[in-house]
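*Asks:* Attaching a single structure in structure tokens format; questions to follow.
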Amino acid sequence: MFSTSQRLQNYCGFASTVALFMALAVALSSLVQDHFTPTPEASIALDSITVKYGRPQGGYNYKRQEYATAKFSVEADLTPLFNWNTKQVFVYLTASYPGKPYSNKVVLWDDIITSKDTAVISLKNQKADYQVYDVTGKFNERDATLALEWNVQPYVGMLLWDKSAARSKFQFPAQR
């Protein structure tokens, strides 16, 4: 009555439907679990920041301009972000400061955490991975805010973005 290829097609269609609904159940259950998970504790401190005039290393623009290098300290326990559906957590330290015609947000440091065992971050006087330079070429002693942010990347489901409540305010110093 049915050919072998029709039976195989029916079995594959049924299997893919079951897999789709299983993946949906996993994504929804971990999303509900993440909703009730407490926000991780963190503390941030800017140890030093210097503004220099020259050509920043690895920049998109090779003209001479102001650029900043920073050292910071971070204490954070990101273990609450890990559950059975967490593949990895991308954590990064950002500096936000006003600018014209838009505000700026730059990444100073980042890391990928792949397990609960390495989810406790303790950095003292850590040099920033990236130098900061503004599109205008000058910082003009602007006020800025440091924040620790993260992205939870699950095996199945949506990416979750969040940030710690810990903030550290600072002002870019005058150029040396």
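The values are calculated or read from the model by the stated rules, or taken from the named source; none is laboratory data. Because the structure is predicted, anything quoted here is derived from the model rather than measured. We place every Cβ from the backbone using ideal geometry, glycine too, and count neighbours over all the protein chains shown.
*Asks:* With the checklist (1) under 24 Å from S164 (Cα atoms); (2) modelled with pLDDT of 80 or more; (3) not assigned by TED's automatic domain parsing to the domain that holds M158 in hand, flag the one item S30 doesn't pass.
*Replies:* For S30, the exception is condition (2).
*Asks:* All but one of (1) within 20 Å of the chain's Cα centre (by Cα); (2) farther than 28 Å from L160 by Cα; (3) assigned to a helix (DSSP H, G or I) hold for C12; which doesn't?
*Replies:* If we test C12 against (1) within 20 Å of the chain's Cα centre (by Cα); (2) farther than 28 Å from L160 by Cα; (3) assigned to a helix (DSSP H, G or I), just (1) comes out false.
*Asks:* Which pairs do you get when a residue that is on the phi > 0 side of the Ramachandran plot, found in the range 155-176, comes within reach of a residue that is surrounded by 13 or more Cβ atoms within 10 Å (Cβ to Cβ) and assigned to a loop (DSSP other than H, G, I, E, B), reach meaning Cβ atoms under 7 angstrom, with the pair 6+ apart or on two chains?
*Replies:* The qualifying pairs are G157/N85.
*Asks:* Shifting gears a bit: Would the range 62-73 turn up any residue that is of a type outside the set (A, V, I, L, M), free of Cβ contacts under 8 Å to residues at least 40 places away in the same chain and under 25 Å from L28 (Cα atoms)?
*Replies:* No, the range 62-73 contains no residue that is of a type outside the set (A, V, I, L, M), free of Cβ contacts under 8 Å to residues at least 40 places away in the same chain and under 25 Å from L28 (Cα atoms).
*Asks:* Do you know which of the residues in the range 103-128 that are of a type in the set (D, E) and surrounded by 14 or more Cβ atoms within 10 Å (Cβ to Cβ) is farthest from N85 (Cα to Cα)?
*Replies:* The selected residue is D110.
*Asks:* Quick check on this structure: which one of D110, D47, D77 is without any contact (Cβ under 8 Å) to a residue 24 or more places away in the chain and of a type in the set (D, E, K, R)? Even if it seems obvious, please write down each step before you answer.
*Replies:* On the way: D47 fails: without any contact (Cβ under 8 Å) to a residue 24 or more places away in the chain; D77 fails: without any contact (Cβ under 8 Å) to a residue 24 or more places away in the chain.
Checking each option against the conditions leaves just D110.
Residue by residue, here is whether (1) of a type in the set (K, R); (2) out of contact with any His (no Cβ under 7 Å at 6 or more places or on another chain); (3) modelled with pLDDT of 90 or more; (4) loosely packed, with under 15 Cβ neighbours inside 10 Å holds:
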position: Q65; (1), (2), (3), (4): no, yes, no, no
position: A70; (1), (2), (3), (4): no, yes, yes, no
position: V74; (1), (2), (3), (4): no, yes, yes, no
position: N83; (1), (2), (3), (4): no, yes, no, yes
position: L93; (1), (2), (3), (4): no, yes, yes, no
position: P101; (1), (2), (3), (4): no, yes, no, yes
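*Asks:* Quick one: which of T39, T17 is over 27 Å from A119 (Cβ atoms) and of a type in the set (V, I, T)?
*Replies:* Values: T39 fails: over 27 Å from A119 (Cβ atoms).
The conditions single out T17.
*Asks:* When the range 146-158 is examined, which residues are found to be in contact with a strand residue (DSSP E or B) (Cβ under 6 Å, 6 or more places away or on another chain) and exposed (fewer than 15 other Cβ atoms within 10 Å of the Cβ)?
*Replies:* Residue satisfying the conditions is Y155 alone.
*Asks:* Looking at A119, is it under 18 Å from the mean Cα position of the chain (by Cα), more than 30 Å from L24 (Cβ to Cβ) and either at pLDDT 95 or above or not hydroxyl-bearing (S, T, Y) (or both)?
*Replies:* no
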